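Take a look at the structure set out below.
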Amino acid sequence: MSSITRRQFGGVLAAGCAGLLLGAREGRAATTHQIEIKSFHFKPERLVIKAGDTVEWVNHDIAPHTATADDKSWDTKTLRKNKSGSITFADAGTQTYYCKFHRKMVGEIIIE
Ligand SMILES: [Cu+2]
């Protein structure tokens, strides 16, 4: 599936079948990883994924939260209680992020 473009990839993800998609890079199945937001923490705070994988944040707190890249390159926008937001990471690297409402809430995603 190396010919698939990032835009097409994102479009298909939006259709809700992320778990069945092939990774853009290696022809393997892309995975969706879940990070729970509980008690003003991202759980896990540090997550290792593969390029092409998706991360879904689910907010279990009453307070609204976000997962916002330190470099502002991506943002789940505001997640209210029991809402979730997903970001797909196409490129290898390290992404650090925080919650816009609670600056002490931080997390890290390592994309291999
Ligand atoms: Cu927050």
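No value in this document is a laboratory result; all are computed from the given coordinates. Just so it is clear, the structure is predicted and the values come from calculations on it, not from any experiment. We place every Cβ from the backbone using ideal geometry, glycine too, and count neighbours over all the protein chains shown.
Side notes on the structure shown:
- Hits in segment 57-84 (condition: polar (S, T, N, Q), over 14 Å from residue 39 (Cα atoms) and either within 10 Å of the ligand (Cβ to nearest atom) or in contact with a helix residue (DSSP H, G or I) (Cβ under 6 Å, 6 or more places away or on another chain) (or both)): 68, 78
- Residue within segment 100-109 that is surrounded by 14 or more Cβ atoms within 10 Å (Cβ to Cβ) and out of contact with any Phe, Trp or Tyr (no Cβ under 9 Å at 6 or more places or on another chain) present: yes
- Verdict on residue 46 being under 15 Å from residue 108 (Cβ atoms), more than 16 Å from the ligand (Cβ to nearest atom) and either of a type in the set (A, V, I, L, M) or touching a residue at least 12 places away in the same chain (Cβ under 8 Å) (or both): yes
- Count of residues meeting criterion [surrounded by 14 or more Cβ atoms within 10 Å (Cβ to Cβ), assigned to a loop (DSSP other than H, G, I, E, B) and either of a type in the set (A, V, I, L, M, F, W, C) or touching a strand residue (DSSP E or B) at 6+ places or on another chain (Cβ under 7 Å) (or both)] in segment 64-97: 8
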